[in-house]
Amino acid sequence: MTELPDPRLIRLTLLLQLESRARLAPAAELPYVIVNETSELLPYRQALLWRKTNDSIVAASGVVSLEKNSPYALWLMPVLKHFSNDTRAGSITEFSVNDLPTELANDWSSWAPEFALWLPLPAPAGGTYFLVLFRDTSWHEAELHLLAYLSEAYGYTLALSEADQTKISWKSHTHRHRRAFIIGGLLLAAAFFPIHQSVLAEAEVIPHQPNLVRAPLEGVVESFYVQPNETVSVGQKLFSLDRTQLQSRLNVAEETRDIAQTEYLQMTQQALLDPTVKAKLAGLKSKWDQQNAEADYVRTLLERCVVFANHPGIAVFDDPNDWMGRPVTQGEKILAIANPQTIDLEIRLPMDDLIELQAGDLVQFFSNVSPHQPLQAKLTYFSYRTSPTPADIMAYRLKAEFAEGSELPRLGYHGIAKLYGTRRPFLLWLLRKPLRTARLWLPW
């Protein structure tokens, strides 16, 4: 016949197995191993792991997580809190409904079996965990003896898991999130890294202090003798005004002058015979001189109808066909003669894109002809107020001077200018427009 194994040996084996499982269990799973697998050593209906430091139920048997606001938890937590402050809480103690105050004992039969066991889980630095078991039969001394050994193993394992978490948590957390820390650090450094403020604006190459050619008198443009961007020399014809009206006026003035001259000469001859006529000679002479001056003046106006260049350079103006037959007033600008070696960059900076700029700030010009070859320039002028652009945008007018030694662009080239202002943290530069929009809506 086969001998039955000794029950004491079986329990001892189960005790060793439970201790081994507790030591090998991950820290997060250890509380659930304690409250659920202890039933292999001795029977019970309910098991709870109580932590005194924060008065909380760490784990409960049969459930993954005990709902804190459930009726069972709301009754159980005051019971465990009450007994954890009892003088017997430092040792293995059996307790029942008789050990509780009346307000807590009333609902015992509804939520828990009759017999309960309070099991401290000691640790080298002081135990903070307690295992609470409930069942329908009383506890035997042999079971309490086994639980005393098991409680020491549980307490030491819990303390070790907490110590490992304290030591490893920072290293593990750092290692696990190292990439996030690096990216966050780089983003933080980039956010506060000082960069040059920059803004883009339309720009045009214009002459520097050009010689303006204006209409010498009121009239109608008759013809042009030069083309836009044509090189002109001193004394070269530029354009002329219609001479028809002035020529008619000159003819009338000369005819009137000849009549006055004839009257004066006739009166001079009569004065030789009649001394009384001499008194009229002065008036006739004055009239003759006046008409002569009028004819000379109109002749001068006729000469001024043809405009000549006073300086060498390049003729800067629009299509000549736009000027043909167009009436102009005296002093109206017709064209400009510019030196192609002395040019400026005119920039129209919209009011909404304004940044802090100072004379001497760097400007890069990307012409539409060769945007891959930016030209360096320095800011020299900043208008104090805005003016409308052809696109009806209020903008500041700026001028920049090209750097010495750089290849100068042709007059009239258009493109984009990038202006670099003072240094600001990258985050402020990035949020400058959202902050400005928020300022319009927020009361500050």
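Translational D (Stokes-Einstein, µm²/s) of region 7-167 at 10 °C and 1.306 mPa s when Rh comes from the Kirkwood sum over C-alpha pairs?
Values: Rh = 16.0 Å.
D, rounded to a whole number, is 99 µm²/s.
How high is the relative contact order of region 360-444, given as a whole-number percent (alpha carbon pairs under 8 Å, six or more residues apart)?
31
Specify the inter-centroid distance of region 357-403 and region 259-329, based on alpha-carbon positions, in whole Å.
First find each Cα centre; the distance between them is then 50 Å.
Starting from one equal scatterer on each C-alpha and no solvent at all, send me the Debye-based log10 I(q)/I(0) for region 298-414 at q = 0.09 Å⁻¹, two decimals.
Log10 of I(q)/I(0), two decimals: -0.38.
R0 = 30 Å: FRET efficiency of W441 with A403, Cβ-based, nearest 0.05?
Numbers: r = 43 Å, r/R0 = 1.43.
Efficiency, from the Cβ-Cβ distance: 0.10.
Rounded to two decimals, what ratio of Rg to Rh does region 294-334 give with C-alpha atoms and a Kirkwood Rh?
We get a ratio of 1.03 for region 294-334.
Using only the Cα atoms of region 214-334, what are the Rg and Dmax in Å?
Considering region 214-334 through its Cα atoms, Rg and Dmax are 21.4, 70 Å.
For the pair Q227 and A27, how long in nm is the line joining their label points, each one 7 Å along Cα→Cβ?
8.6
Would you mind getting me the FRET efficiency between T137 and R88? Use the beta-carbon distance for r and R0 = 22 Å, nearest 0.05.
That pair, T137 with R88, gives E of 0.60.
What range in the chain is the longest one free of trypsin sites (Lys or Arg not before Pro) that are in a loop by DSSP and have at most 12 other Cβ atoms within 10 angstrom?
69-384
Would you calculate a helix-derived [θ] at 222 nm for the chain, using -39,500 (n - 2.57) for each DSSP H run of n ≥ 4 and dividing by the full residue count, to the nearest 500? Walk me through the intermediate numbers first.
On the way: 11 runs with 167 residues, N = 444.
Taken over the chain, the calculation gives -12500 deg cm²/dmol.
From Cα pairs below 8 angstrom and at least 6 apart in sequence, can you work out the relative contact order of the chain, rounded to a whole percent?
Dividing the mean separation by the residue count of the chain yields 16 percent.
Taking 0.36 nm per residue of sequence separation and subtracting the Cα-Cα distance, how much length would be gained by fully extending the chain between D258 and D322, in nm to one decimal?
The D258-D322 span can extend by a further 18.9 nm.
Please identify every one of the chymotrypsin sites (Phe, Trp or Tyr not before Pro) in region 238-299 that sits in a loop by DSSP and has no more than 12 other beta carbons within 10 Å of its own beta carbon.
none
Percent relative contact order of region 214-334, based on C-alpha pairs within less than 8 angstrom and at least six residues apart?
53
What is the extension gain from V306 to R179, computed as 0.36 nm multiplied by their sequence separation minus the C-alpha to C-alpha distance, in nm to one decimal?
Between V306 and R179, full extension yields an extra 37.8 nm.
Taking the dipole about the Cα centre of the chain, with the C-beta of Lys and Arg at +1 and of Asp and Glu at -1, give me whichever of Y32, W288, T157 is farthest to the positive side.
W288
S198 to N339: FRET efficiency via 1/(1 + (r/R0)^6), r the Cβ-Cβ distance, R0 35 Å, to the nearest 0.05?
Details: r = 31 Å, r/R0 = 0.88.
Once the sixth-power term is evaluated, E becomes 0.70.
So what does the Cα-only Debye profile of the chain read at q = 0.06, 0.09 Å⁻¹, as log10 I(q)/I(0), no solvent term?
Taken in order of the listed q values, log10 I(q)/I(0) reads -0.62, -0.82.
Among V298, A309, T262, whose Cα sits farthest toward the positive end of the charge dipole of region 214-334 (+1 at Cβ of Lys/Arg, -1 at Cβ of Asp/Glu, about the Cα centre)?
T262
For D55 paired with R299, estimate the spin-label separation in nm (one decimal), with each label point 7 Å from Cα along the Cα-to-Cβ line.
Label-label distance for D55 and R299, simple model: 12.2 nm.
Based on DSSP loop calls and a cut-off of at most 10 other Cβ atoms within 10 Å, the longest stretch of the chain free of exposed GluC sites (Glu not before Pro) is what?
That would be 4-355.
Could you check the spin-label model distance between A282 and R249? Points 7 Å from the Cα along Cα→Cβ, value in nm.
Spacing of the two 7 Å Cα→Cβ label points: 3.2 nm.
Every number in this text was worked out from the coordinates using simple rules, so none of it is lab data. It should be emphasised that the depicted structure is a prediction, and the values quoted were computed from it without experimental measurement. We place every Cβ from the backbone using ideal geometry, glycine too, and count neighbours over all the protein chains shown.
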